[in-house]
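*Asks:* This structure is in structure tokens; I'll ask about it shortly.
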Amino acid sequence: MTISGLSGLIWSGTLFLVPDGENVATKVERNHKYTWAINGKVWNKEFDAIWPPIFSPDGNKMLLRCIENGKYYRRIIPVSEILG
């Protein structure tokens, strides 16, 4: 399988379907840090560790659980923040 935009990155191979049925997310690794990509668009934020996302029923928001600079965070972000 080829996902455009993920060339040169290590991705988990696990795809997370967004409930809207139009978007697909995956965990990617670059430079020993982790981030998310949706439809091949890689988010510009990097973390020490991340867990599977949880999407809102309409698919517009995602709950991200991550470790950044040694601290655990839970963040709710709009999917559009990654998609641009």
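Just so you know, all these numbers are worked out from the coordinates, no wet-lab data involved. Since we're looking at a predicted model, the values are computed, not measured. Positions of Cβ are generated from backbone atoms using ideal geometry, with glycine treated the same way; all protein chains shown enter the neighbour counts.
*Asks:* Roughly speaking, what is the stretch gain from GLU81 to ASP58, that is 0.36 nm per residue apart minus the C-alpha to C-alpha distance, in nm to one decimal? List each step's numbers first, then the result.
*Replies:* Values: separation 23, 0.36 × 23 = 8.28 nm, distance 1.56 nm.
Stretched out fully, the GLU81 to ASP58 stretch lengthens by 6.7 nm.
*Asks:* Further question: What value in Å³ per residue do you get for the convex hull of the alpha-carbon atoms in the range 11-84?
*Replies:* Values: hull volume 5.8 nm³, N = 74.
Enclosed volume per residue, from the Cα hull, is 78 Å³.
*Asks:* Right, something else. Give me the distance in nm between label points sitting 7 Å out from Cα along the Cα-to-Cβ direction at ARG65 and GLU22, one decimal.
*Replies:* According to this spin-label approximation, the distance is 2.9 nm.
*Asks:* I've got another one for you. What does the charge count around ASP20 come to, taking other residues whose C-beta lies under 14 Å from its C-beta (Lys +1, Arg +1, Asp -1, Glu -1)?
*Replies:* For residues surrounding ASP20, the net value is -1.
*Asks:* Further question on the same structure: If you stretched the chain out fully between TYR72 and HIS32, how much longer would it get, using 0.36 nm times the residue separation minus the C-alpha to C-alpha distance?
*Replies:* Working: separation 40, 0.36 × 40 = 14.40 nm, distance 1.75 nm.
Result for the pair: 12.7 nm of gain on full extension.
*Asks:* Around ILE67, with a cut-off of 15 angstrom between Cβ atoms, what is the net charge of the other residues, counting Lys and Arg +1 and Asp and Glu -1? Can you show the working numbers first?
*Replies:* On the way: positive: LYS27, LYS33, LYS45, ARG65, LYS71, ARG74, ARG75; negative: GLU29, GLU46, ASP48, GLU68.
With Lys, Arg at +1 and Asp, Glu at -1, the net is +3.
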